[in-house]
Amino acid sequence: MTLFTAGQATKELPAKDEPAASRHRLGFWTVAAAFTLTMAFSTVPTPLYPLYQHVNGFGTFMLTIVFAVYALGVLVSLFLAGHLSDWFGRRRLLLPSIALSIASGVVFALGTSVPALIAGRLLSGLSVGLLTATATAYLDDLHRRARPGTSGTRANVVATAANLGGLGLGTLMSGLLVEHSSGSLRTPYLVFLVLLGLGVVAVLVAPETVDRPGPRPRYRPQRTSVPAHARREFFGAAMAALIAFAVFGLFTSLAPVVLKSLHVASPAVAGLATFLVFGSAATAQILLARRPARTQLLLGLSLLAAGLVMLTAAIWLSAATMFLAGGAVSGAAAGTVFKGSASTTMALAEPQRRGETLTGLFLAAYLGLSVPVLGLGLAVQLAPVRDAVLVFTVVLLAAAAVVARRLVRAVPES
């Protein structure tokens, strides 16, 4: 779920060049398909975690460590290479990103041990960190060349659907595949290796949109920059992003564990739970894309409180259906909160340093994806699941209340 702007060193499409516009239109959709498939692959392990626990005999805390390795891979890749497509080209960076996912799939298909899990998740995280900024910028480039003079709304909507929709689709497909293949852990990865191979072909169809600058800029990691006058508002937006991603982290790491406490052991249901979260997040972002940041934040924080209460009540009442419904509400809320945070950050950033400011936002987001879930994973080792989730919910609600007071007042109406 990354909202980066396209780079400036992009090729211009000559006016009335219909053959070139057609190639860019086709490329737009093939890149969107590759983006979706690669994001989907990143969540394939989610509904399979209980099976890995059964095979290896490890506890919930080790499970959250495996998940945290993925978030670490995303952060490292974002900082070291997320901006390089502006220099080397979109397609030239997108292909290595998919290759990293293919390497991850091979690792998962060949082994089920803890080291294989850690290595596979790290490779997948590196892939996603490289993919999200590159693919989002690539879609924007291709859209503007296919439809000169139009706004970038279509590209933004498609990128959101590919990103969040892909995350949900991966868990759903994985859960269904493993449930209908006699519990084989390798089947989902073998299927996705074929799909990722098709993704490589899809990217090769798309035209490159970036000319390499000459001389090539000196390499540096992605910087983080926040204007001094906007730091108070930025830290509020960053805290909101952290809270939103903590909700996503709950479902992408521990949803199967929580469902097991509700006496639901089906990988397909675990995949469905995460699919509902990301599907509702994508839908909410698309529907509210034109709303002011203040509206997004107010609505998102309110929905988040309702969704977290529903989730906690479902666990205490052992109501699996309510848990799924709470996941859908929480997903829509988290997606809306993050969209409002990103819109606020974009408005605060200096135009020439927008990517650097957004990097700070994503740092907070991926800390939210990993650190609170690590704490929850440890708590589940020491206390019943329902007690651990109750504490998790109380902490997030308290943090959301602080953010609401600090940030919403400072964000203008439009």
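The values are calculated or read from the model by the stated rules, or taken from the named source; none is laboratory data. Predicted, not measured: the structure shown is a model, and the values here were computed from it. Glycine also receives a Cβ, built like all others from the backbone with ideal geometry; neighbour counts cover every protein chain displayed. Just the protein is used for accessible areas: all its heavy atoms, side chains included, with ligands, DNA and RNA removed. Shrake-Rupley method; radii C 1.70, N 1.55, O 1.52, S 1.80 Å.
Across 247, 191, 178, mean-square fluctuation computed from a Gaussian network of the chain (C-alpha pairs under 10 Å connected) peaks at 191. Remark: the range 167-176, residue by residue, has Karplus-estimated 3J(HN,Hα) of 4, x, 5, x, 5, 5, 5, 4, x, 5 Hz, where x stands for each Gly or Pro and the curve is 6.51 cos²θ - 1.76 cosθ + 1.60 at θ = phi - 60°. Stretching residue 216 away from residue 350 to a fully extended chain increases their span by 45.8 nm, per 0.36 nm per residue minus the current alpha-carbon distance. Using a probe of 1.4 angstrom and keeping all protein chains present, the accessible surface of the chain works out to 39 square angstrom per residue.
The simple spin-label model puts a point 7 Å past each Cα toward its Cβ; for residue 322 and residue 150 those points are separated by 4.6 nm. Here each label is just a point 7 Å from Cα along the line to Cβ, and for residue 20 and residue 378 those points are 5.7 nm apart. When the chain is treated as a GNM with alpha-carbon contacts under 10 Å, the residue of 296, 285, 222 showing the greatest mean-square fluctuation is 222.
Mean-square fluctuations from a GNM of the chain, with a 10 angstrom spring cutoff on Cα atoms, peak among 403, 201, 128 at 201.
Which residues make up the longest stretch of the chain that has no GluC sites (Glu not before Pro) in a DSSP loop with at most 11 other Cβ atoms within 10 Å?
Longest site-free region, per DSSP loop and neighbour criteria: 13-412.
Spin-label point model (7 Å from Cα, Cβ direction): what's the residue 235 to residue 398 distance in nm? Each label point is offset 7 Å from its Cα along the Cβ direction, giving 1.8 nm.
Sequence-distant contacts, meaning Cα pairs under 8 Å at least 6 residues apart, place the relative contact order of the chain at 24 percent.
Accessible surface for residue 104 stands near 0 Å², nearest 10, in the context of the full protein assembly shown (1.4 Å probe).
Taken as Cα centroids, the range 96-135 and the range 184-255 sit 13 Å apart, rounded to the nearest whole angstrom. Candidate values (1) 180; (2) 126; (3) 146 were compared with volume of the Cα convex hull per residue in Å³ computed on the shown model; the agreeing label is (2). Helical content of the chain, expressed as a calculated mean residue ellipticity at 222 nm, amounts to -26500 deg cm²/dmol (DSSP H runs of 4 or more residues, -39,500 (n - 2.57) each, divided by residue number, nearest 500). Extension gain, residue 265 to residue 295: 0.36 nm times the residue separation minus the Cα-Cα distance gives 7.0 nm.
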